[in-house]
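All remarks here apply to the structure that follows.
The values are calculated or read from the model by the stated rules, or taken from the named source; none is laboratory data. On a predicted model such as this, the values are computed, not experimentally measured, just so you know. Cβ placement follows ideal geometry from the backbone for every residue including glycine, while neighbour counts extend to all protein chains displayed. Just so you know, the surface numbers come from the protein's heavy atoms only, side chains and all, with ligands and any DNA or RNA stripped out. Shrake-Rupley method; radii C 1.70, N 1.55, O 1.52, S 1.80 Å.
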Amino acid sequence: PFIYFVARKKLNSKWLKRSVWLLILGGSQGLMGWYMVQSGLVDVPHVNPYRLTAHLMLAFTIFAFCVWYAADLTKFNSQSEPRKQELSKWLKILFGVVVVQVVWGALVAGLDAGHVYNTFPKMYQYWVPPEIMALEPWYQNFTENSSTVQFIHRSLAALIGLMAIGYWVRLFTVPSSNSAKLWGGIIFVLVLVQYALGVFTLISHVQITLAVMHQFVALLLVGAILVGIYSIRENRAQTIL
Ligand code: HEM
C-alpha cells in the first residue's frame, strides 16, 4: 500500500514521514525478531527473556503508532470536554503503568514465571513470596527472579484495576462528555477482562489459548487507552492530502 500511495502521490509530507516511520519500525521489528530467535529456538522453544521483551515492546509500539495515526484520520465528535486536562492526565498515567505492566508481562512469559505460584489471590500461602530478594545483586530479582517478576506483575495488575475503577467513578461524578464516558467504559471493561484472563492463565498453568487471549487483550487495552486520550483532545480531524 505504501508504494501504491506514494506512486499515486496520495501522501502529503507529514503522512509520508509518518508512513516511512512505520516502515522503519516494521523493518526494525524484523531485525529484532531475528535477533530474538538467534538466542534460542534451535532445538528448544525458548529465547532470551530480555530479547522477547524488546520484541514484544516494539510490536506494541508499532501498534500504538498505527492506532494514534488512525485516530488522527478519524473525525471524532467535537464535543467539548469540561475536564479535559484532568481526565487526560489520568489516562496518560494509566497508559504509563500499563506499558510497564506489558514489560513485566513479557518477562513473566520469557522466564516461564507463569508456571510457579499457580494460585490466586495468594501465592500459595504467601502474599509476598519469601524468595523475593534471593538473587545477588539485588536488582537482578526485578527481572530474573521468576517469583519476584510474577509478584510485580500481580501488584501492577491490582494497581491498574484500582486506577481503572477510580477513573470510571470520576467520569460519573464530574461532568464529562459522552465520548469520555464511552472510552472510559471500554477501558474499564477491558481491564476487568484482562485481569480475569491473567488469573485464569496463571491458575491453568499457562493454557495456551488463555495466554494468547491475555496477550491480545493487552493490545486492545493499550489501543483503547490511546483512543481514549485522543478522544478528549481538541478535535483535530484532518485529511491525508
Ligand atoms: C490487568 C492488567 C494486565 C496486563 C495489561 C497484562 C499484560 C500481560 C502481557 C502483555 C503479557 C505478555 C504476554 C506474552 O508475551 O505472552 C502477560 C503475561 C502474563 N500475565 Fe498478565 N497482564 C495483566 C494482568 C495479569 C494478572 C492479574 C495475572 C495473574 C494474576 C497475569 C498473569 C500473567 C501470566 C501468567 C503471564 C504469562 C503468560 C505466558 O507465559 O505466556 N496478568 N500479561
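Using the structure shown, decide if V206 is among the aliphatic types (A, V, I, L, M) and in contact with a Gly (Cβ under 6 Å, 6 or more places away or on another chain).
So V206 passes the test.
Keeping to region 135-162, report how many residues are among the charged types (D, E, K, R) and assigned to a helix (DSSP H, G or I).
2
Which one of these does S179 not meet: (1) among the small types (G, A, S); (2) part of a helix (DSSP H, G or I); (3) at pLDDT 95 or above?
(3)
Are any of the residues in region 138-151 away from the ligand (no atom under 13 Å from the Cβ), open to solvent by less than 40 Å² (accessible area, probe 1.4 Å) and free of Cβ contacts under 8 Å to residues at least 12 places away in the same chain?
So the first thing to find is which residues in region 138-151 are away from the ligand (no atom under 13 Å from the Cβ), and the list is 138-145, 148.
Next, from what is left, pick out any that are open to solvent by less than 40 Å² (accessible area, probe 1.4 Å): 141, 143, 145, 148.
From what is left, the residues that are free of Cβ contacts under 8 Å to residues at least 12 places away in the same chain are 141.
Looking for residues that are away from the ligand (no atom under 13 Å from the Cβ), open to solvent by less than 40 Å² (accessible area, probe 1.4 Å) and free of Cβ contacts under 8 Å to residues at least 12 places away in the same chain, one finds at least one in region 138-151, hence yes.
Residues that are of a type outside the set (A, V, I, L, M), surrounded by fewer than 20 Cβ atoms within 10 Å (Cβ to Cβ) and within 11 Å of the ligand (Cβ to nearest atom): does region 178-189 have at least one?
No, region 178-189 contains no residue that is of a type outside the set (A, V, I, L, M), surrounded by fewer than 20 Cβ atoms within 10 Å (Cβ to Cβ) and within 11 Å of the ligand (Cβ to nearest atom).
Return only the number of the condition from (1) in contact with a helix residue (DSSP H, G or I) (Cβ under 6 Å, 6 or more places away or on another chain); (2) more than 9 Å from the ligand (Cβ to nearest atom) that F200 does not satisfy.
Unmet for F200, out of (1) in contact with a helix residue (DSSP H, G or I) (Cβ under 6 Å, 6 or more places away or on another chain); (2) more than 9 Å from the ligand (Cβ to nearest atom): (2).
Just the residues that are of a type in the set (S, T, Y) and either touching an Asp or Glu at 6+ places or on another chain (Cβ under 9 Å) or under 23 Å from F65 (Cβ atoms) (or both), please, taken from region 86-141. Lay out the reasoning, then the answer.
Keep residues of region 86-141 that are of a type in the set (S, T, Y), which gives 88, 117, 119, 124, 126, 139.
Result: S88, single match.
Identify the residue in region 160-174 that is more than 19 Å from I229 (Cβ to Cβ) and at pLDDT 95 or above and, among all such residues, is surrounded by the most Cβ atoms within 10 Å (Cβ to Cβ).
Across region 160-174, the extreme among qualifying residues is G161.
Condition check ((1) within 30 Å of G27 (Cα to Cα); (2) at pLDDT 95 or above; (3) touching a helix residue (DSSP H, G or I) at 6+ places or on another chain (Cβ under 6 Å)) across all residues:
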{"position": "D72", "(1), (2), (3)": "yes, no, no"}
{"position": "E86", "(1), (2), (3)": "no, no, no"}
{"position": "A109", "(1), (2), (3)": "yes, yes, no"}
{"position": "H115", "(1), (2), (3)": "no, yes, no"}
{"position": "N118", "(1), (2), (3)": "no, yes, yes"}
{"position": "P130", "(1), (2), (3)": "no, yes, no"}
{"position": "Q140", "(1), (2), (3)": "no, yes, no"}
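Please enumerate the residues belonging to region 89-116 that are open to solvent by less than 20 Å² (accessible area, probe 1.4 Å) and more than 8 Å from the ligand (Cβ to nearest atom).
The answer is L91, L94, L107.
What are the pairs with Cβ atoms under 6 angstrom where one residue, in region 212-231, is at pLDDT 95 or above and the other, located anywhere, is within 14 Å of the ligand (Cβ to nearest atom) and polar (S, T, N, Q)? Sequence gap at least six, or different chains.
Close Cβ pairs satisfying both conditions: H214/T201; V217/Q194; L221/Q194.
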